[in-house]
1. Near K471, which aspartates and glutamates are there with a Cα under 14 Å away, not counting those fewer than 8 places off in the same chain?
2. What is the helix-to-structure angle for 133-150, meaning the angle in degrees between its Cα long axis and the longest Cα principal axis of the chain, kept from 0 to 90 and rounded to the nearest 10?
3. What order do you get for 353-361, 605-613 when each peptide is scored by the mean count of other beta carbon atoms within 10 Å, highest first?
4. Once both labels are modelled 7 Å past Cα along the beta-carbon direction, what's the K35-N441 spacing in nm?
5. List every residue whose amide H lies under 5 Å from the amide H of T375, counting only residues 5 or more places away in sequence or on a different chain, with H placed 1.01 Å from N in the peptide plane.
6. By the 4.7 Å beta carbon criterion, which cysteine residues of the chain come out unpaired?
7. Assuming R0 = 60 Å, what is the FRET efficiency of N222 and F486, from their Cβ-Cβ distance, to the nearest 0.05?
8. Per 0.36 nm of contour for each residue apart, how much would the distance between Y342 and R281 grow if the chain were fully extended, relative to their Cα-Cα spacing?
Amino acid sequence: MSFSFLLRPKWGIPLGISLAVAVYLCIPVSSDDFKSQSSLKIVSKEKESLGSRSNTAGALRDWVSIDEYPEHVLQAVILAEDKRFYFHPGFDPVALGGALYSLFHWKEKVRGGSTITQQLVRIHSSSIRKLPKWIRKSVEILVSIRYTLWLSKKEILEAYLNSVTIRSNYEGFPAASLRYFKKHIRFLSMEEGIALVVLIRSNSPNIDMFVKRVEDLNRRLNIETPLQTSYLISSLEFVSPEKKKEEELKSENHHFKFWIQSLLPDTNGILETRFSNEVNRHLHHIVLSELDGLKKYNVSNASVVVLEIPEKDSSYVDLIGMIGSRNFFEDGFGQVNGSLAYRDAGSTLKPLLYASAMEKKLISVNSILNDENKTFILEKGEGSYTPRNADLKFWGDMTVAEALANSRNIPAVEVIQRLGVPEFLDFLKRSGMNHLKEKPNFYGQGLSLGTGGASLFQLTRAYASFPLDGKLPQVFLGKNQSKDIFYGKSERLFSKETAEEISFILKDSKIRSRAFGNRSFMDFPFPVSVKTGTSKDFRNSWTIGYTKRYVVGAWVGNFSGEKTMEVSGSWGAGRIFHSVMRYLMAKESDKSYVPSVTEAVRICRKTGKLAKDVCPHVSLYIRPSGFPKEFCLKHGLETDISEVDSVSILTPSDGQIFIYNPNLSKENQQIPVRLKNYSHSFAKRKTNLYLNRSYLVSLSQAGEARIPIVRGKHVLSIQEDGKEIQEINFQVR
């Protein structure tokens, strides 16, 4: 007999498919394949449960044997979801046939044909949901048949009951029972069981729909006892305006819990953390209270991180508080963990920048930086960069301490110019900011002003290096099976001397009063080192600070990236930071901060040298090896002409590039010129400014002028008493 007909497509293709299906159905299935029960229990400092491991979809699930389920729960599930469950082969031919008949003859879309077994297939094979509807249904039926061949009905029902989504991110009846009714599944009452069953089809119905479905299922089960629907509505936390605040107050620990679970996917048993339920609850109250006051300024969210420094070990810190958002269960952005999100860091990176430059001996606390209108040439001559201060003003010469404390942008760019962008980028990576993947020229000098971005957790951990004498700490996550688990590695970033000098700058309210006023949320009745940051257009408001016991980071803004109504770091995040720090320090008896490697020195604000009585001075904490050796000679004496600072060109900068726009008038594109010390030298010396060594530029008494814009390369030069003392080159393209 010839079998050549099997090679024909009309026979061969169906036969091939049939063989493939037969082989697939022969692949064994075990009930253990469905048991993604929680293998990690997270416990707080107070020994209270913070939750169990979530599955890969971020849902909570506990596994309980079907023998522990009340019989009335099993009856309700079968009646509501699959009344012929014990009789069909995995799919229900009767229900499927009825659904198909309605669809083809009446053109009605009818829910039907999805048995408990088919629902189980969808739960554990989520990828099939992406398939076209009819292919998906066919696959569901095939897999359901395979399940039925290898598993008993009892095993299928147990897998379904422990994994079906009930409400929010709670999968399975055991997890939902504990969450909403605070009891083990075995103690679930009839009406509580019915309430959970009706949520299978719609996890978030409105209250009227929920009550209707509960009453309908109660009637179908022939139960005559009246239902306490108000109790069920309250327990299941349906969100009405008056209930919203209550729901918010129950969501504070979820971001921490899910972050830990993502970090430790293979850890089993109990994780004993030092995360404090009590502290985090209080942090959440502070966030909600302050956001109520900020919402009129278009602020919708906030995040907080709190690290505690152990008394005896400086190699690590304890994470005791983390608020990711105002409400984890809020639609839209609620589950975004704002403490881990990367955002423009504003001025919060400046302490790290100054510390890095001090370690390289490029600057010291009393070095003089110039806060004037400047243009900096980008690396490799790829254009220029002209930074601006937040107040759009220039303060002239000032010490490093004053520049940092008052958060001046132009001096910060000068510091990164000296240090080098590659050097600072490497320093930030060593500080734990490994998200900075681009090359240095991608960030440019703007890296000093936070354009590379950072997360609140990264910043708070990096700031912990200052109270820990310059050492970046590990973060203690918990103890599991007698083993300590840490986040990150410990690494020395800078010396103890540098750490102490920066700390005293950041805690001195007098030094920063020029920018932040005499009273602000940065001021405390005990020593606190604090730095704020505000990103462009007021999209991000930051405040990070520390004492010798706690490091606190706060962020305020909108997860959508929408602008706030000019909410600065010191005023927005600052108010949350202030409340959190006062709460934490209220329990501390010793709030002092005593210098150990630095001493207070009176410094002249204009020269950086030892101040005389007549000098404008500031008291700075400086390491003994960095004490200035000379007194200021600028103040208190008649100044000889030789001691007067020479006149110099402030703008344009050497190498600056201007772009000519032919669509605009040349008059409106004239190039501004500004000289330093011109008004002082005017009466002492004959000073002239030349363009291309031939054109005499007419200067105002303040040393300012505007010159025509002409394409090409140009030279500006200064002559004093006929002698050239400076020249700069610029070009117009």
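1. Counting by Cα, and skipping residues close in sequence, K471 has these aspartates and glutamates nearby: D313, E359, E491, E497, E500.
2. Once rounded, one gets 60 degrees.
3. 353-361, 605-613
4. My value for the distance between the label points is 5.9 nm.
5. Result for T375 returns S653.
6. Singleton cysteines: C26.
7. The pair N222/F486 has a calculated efficiency of 0.55.
8. Working it through step by step, the gained length comes to 19.5 nm.
All of the numbers you see were taken from the coordinates with simple rules; none came from a lab. Since the model is a prediction, treat every value here as computed from it, not as a measurement. For neighbour counting, all protein chains shown are included, and Cβ atoms are generated from backbone atoms with ideal geometry for every residue, glycine included.
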